[in-house]
1. Is it true that some residue in segment 83-92 is touching a strand residue (DSSP E or B) at 6+ places or on another chain (Cβ under 8 Å), surrounded by fewer than 16 Cβ atoms within 10 Å (Cβ to Cβ) and modelled with pLDDT under 95?
2. If you go through segment 51-81, how many residues are surrounded by 13 or more Cβ atoms within 10 Å (Cβ to Cβ) and either charged (D, E, K, R) or in a loop (DSSP other than H, G, I, E, B) (or both)?
3. Considering only segment 1-38, how many residues are farther than 14 Å from residue 133 by Cβ and in contact with a Pro (Cβ under 7 Å, 6 or more places away or on another chain)?
4. Name the pairs: first residue in segment 104-131 and touching a residue at least 12 places away in the same chain (Cβ under 8 Å), second residue of a type in the set (Phe, Trp, Tyr), Cβ to Cβ under 9 Å, at least 6 apart or on different chains?
5. Show the residue pairs meeting these rules: Cβ distance below 8 Å; 6+ apart or different chains; first residue within segment 37-56 and free of Cβ contacts under 8 Å to residues at least 60 places away in the same chain; second residue in a helix (DSSP H, G or I) and among the small types (Gly, Ala, Ser).
6. For residue 5, only one of the following conditions fails: (1) assigned to a helix (DSSP H, G or I); (2) touching a residue at least 40 places away in the same chain (Cβ under 8 Å); (3) out of contact with any helix residue (DSSP H, G or I) (no Cβ under 9 Å at 6 or more places or on another chain). What is its number?
7. Quick check on residue 33: is it assigned to a loop (DSSP other than H, G, I, E, B), crowded, with 17+ Cβ neighbours inside 10 Å and either touching a residue at least 40 places away in the same chain (Cβ under 8 Å) or touching a Lys or Arg at 6+ places or on another chain (Cβ under 8 Å) (or both)?
8. Please name all residue pairs, on different chains or six or more residues apart, with Cβ atoms under 6 Å, provided the first residue is in segment 81-97 and is closer than 10 Å to residue 29 by Cβ and the second residue is modelled with pLDDT of 95 or more and of a type outside the set (A, V, I, L, M).
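The values are calculated or read from the model by the stated rules, or taken from the named source; none is laboratory data. Worth saying up front: this structure is predicted, and the values here are computed from it rather than measured. Virtual Cβ from ideal backbone geometry, glycine too; neighbours counted across all protein chains shown.
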Amino acid sequence: MGYKYTFQAYDEKKMARAAGVSLPISQKQATEICSFLKHKKLESAKTILRNVLAMKEAIPYKRYNADVAHKPGMMAGRYPQNASKEILKLLESVEANAMNKGLTNDLYVTHMNAHRAPATPRGGRTPGEAKRAHVEVVIEEKKVEKKKYTGKKTK
C-alpha cells in the first residue's frame with residue numbers, strides 16, 4: 001500500500017509531489033521549516049535551505065520557540081542542519097518528478113507539511129527512541145503575470 005497524502009486538491013497535469021517517510025529528523029524542526037518554505041518559489045526554497053546549511057540564514061521559529069534565541073532580522077530562529085539536509089533532498093526529488101512530467105518553469109511549493117512518524121527504539125541498556133518525521137511536498141507550475149508599470153498612481 002502506498003503513502004496517503006494529506007493534500008486533496010492534487011492535479012496530475014500541473015503538480016508534482018514527493019514524500020519523505022520516516023526521515024531521521026525532528027518533527028518540530030521539520031514543521032518550522034515547512035511552514036517557512038510554503039508558498040515560495042522552488043528555487044528560492046532551495047536557496048534558503050543551502051543558506052541555512054552555510055549558517056547564513058536562520059529559519060524563524062514561530063510555534064516551537066520556547067527558549068529559542070533571537071537571530072539577526074527576526075525574533076526566534078535556528079539553523080536546523082540535519083532537517084535542512086533531508087528536506088533539501090526531498091525538494092530536489094520533487095523537482096526531478098516535475099521535470100519528468102514536463103513541468104519546468106515557475107514552480108511553487110503549494111503544500112508542504114510534516115507529521116510525527118513512529119519512533120524507533122535505539123540504545124542499549126537504557127534505551128531511548130529516535131525522532132522521526134514524515135514530510136510531504138507538492139509543487140505546482142503557475143503562470144505569474146507581472147504587472148506593467150503605466151506611470152499612473154492607483155488608489
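1. No, segment 83-92 contains no residue that is touching a strand residue (DSSP E or B) at 6+ places or on another chain (Cβ under 8 Å), surrounded by fewer than 16 Cβ atoms within 10 Å (Cβ to Cβ) and modelled with pLDDT under 95.
2. Within segment 51-81, residues that are surrounded by 13 or more Cβ atoms within 10 Å (Cβ to Cβ) and either charged (D, E, K, R) or in a loop (DSSP other than H, G, I, E, B) (or both) number 11.
3. 1
4. Here the result reads 110/7; 111/5; 111/7; 111/10; 113/7, each pair linking segment 104-131 to a residue that is of a type in the set (Phe, Trp, Tyr).
5. 49/84; 52/84; 53/84
6. (1)
7. In short, no.
8. If the second residue must be modelled with pLDDT of 95 or more and of a type outside the set (A, V, I, L, M), the pairs left are 83/29.
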